[in-house]
1. Quick check, is residue 143 farther than 19 Å from residue 94 by Cβ, part of a helix (DSSP H, G or I), in contact with a helix residue (DSSP H, G or I) (Cβ under 7 Å, 6 or more places away or on another chain) and in contact (Cβ under 8 Å) with a residue 24 or more places away in the chain?
2. Answer yes or no as to whether residue 159 is at pLDDT 70 or above and buried (at least 20 other Cβ atoms within 10 Å of the Cβ).
3. Kindly check whether there is at least one residue in the range 248-256 that is modelled with pLDDT of 75 or more and over 22 Å from residue 178 (Cβ atoms).
4. Output the number of residues of the range 40-61 satisfying the condition of being over 15 Å from the mean Cα position of the chain (by Cα), assigned to a helix (DSSP H, G or I) and surrounded by 15 or more Cβ atoms within 10 Å (Cβ to Cβ).
5. Mind telling me which of the residues 32, 28 ends up being farther than 26 Å from residue 2 by Cα, buried (at least 16 other Cβ atoms within 10 Å of the Cβ) and within 20 Å of the chain's Cα centre (by Cα)?
6. Exactly one of (1) over 25 Å from residue 160 (Cβ atoms); (2) surrounded by fewer than 22 Cβ atoms within 10 Å (Cβ to Cβ) is unmet by residue 114. Its number?
7. What helices (runs of 4 or more DSSP H) completely inside the range 164-235 contain at least 1 residues that are at pLDDT below 80?
């Protein structure tokens, strides 16, 4: 039986609040994930693991939302226990516990998605840095599995966990509650790390101060999941209470579901930054592909796109180097190859050459990712490709090179 015969009232006030808030959050998360999937398909960059994991987390979250949440509320979640029949209480707790386990997995997978995104962005980072990310993700998954195991083995028989009147004992309840405190505390810790870590990444980017501030502001939104995780941990004490579980569990579920959806929502904002920049009519060139995850092509003359940023250069139609999405990260080996053999004819021309090599380095990083995805690609071809890209400097006539170089020198002089 899914829904018990109605004896007492269902859908208490707190249950309505839970459903409304979680529905708004779930629809927002689904919209962002759908936009990410559309972007991945349209740009032909492929479906990376951070997107795949985010989709799985969203699917599990919707099962929790549309099945466990609604069915539990129909049976009496949010209603005082003394107003419900024993059958209503049992089914309410049954679907609530199923929802708890699904929520744990959705939350863990959502955090893995963010960690996978950071690992992709920092693929040139030190081994210790990447190991820390892997370790944090592994512990999050392990904590989820252990917490689910402790819940299911808490009582003998297992069904006594939700049918409270059944004969039996719950010797594992104390261990389950204590581990829930640890799991909640570690979840809060990971939420905090997911806020602080990207800020350290952004500080190493070669981008304008405004872009750094905007990225940090977006990622600082991770303090919201941190706050909800703290609230969820503080609410774990309701597991120790035998009386009125059907009403008191709502607070715990509200914290947990909110944390779960916020992780998915905030983890989807950085990859979609170029879309938000377009919608809100932000013309800073840095908005294109800030984290090397999304971007769009441009067209125009060979001039600086913006007097605040050196990031992007547009080209006339027909030039041998087409504007493309670029990655902010590039290996030191690639930069070294690109820096060899710079031609210096004048101070302005030298300035243009430095700008051109900086731009090609960023563009080539993303192109290299696409090339490496080909089954017949060999790493030994990288140097030959780089040398070919380096010759692209000749696509610009001397007048253009001097004009752009002088503009950059004048701006640098003015900033002094």
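The values are calculated or read from the model by the stated rules, or taken from the named source; none is laboratory data. The shown structure was predicted, so the numbers you read here are calculated from the model rather than taken from an experiment. Positions of Cβ are backbone-derived with ideal geometry, glycine not excepted, and every protein chain shown enters the neighbour counts.
1. Numbers: farther than 19 Å from residue 94 by Cβ: yes; part of a helix (DSSP H, G or I): yes; in contact with a helix residue (DSSP H, G or I) (Cβ under 7 Å, 6 or more places away or on another chain): yes; in contact (Cβ under 8 Å) with a residue 24 or more places away in the chain: yes.
So residue 143 fits the description; yes.
2. No, not satisfied.
3. Pass one, the range 248-256, residues modelled with pLDDT of 75 or more: 248-256.
Pick out the ones that are also over 22 Å from residue 178 (Cβ atoms) and you get 250, 254.
Within the range 248-256 (the criterion being modelled with pLDDT of 75 or more and over 22 Å from residue 178 (Cβ atoms)), the answer is yes, since at least one residue qualifies.
4. 2
5. 32
6. (2)
7. Values: elements: 173-202, 209-219, 223-234.
So the answer is 173-202, 209-219.
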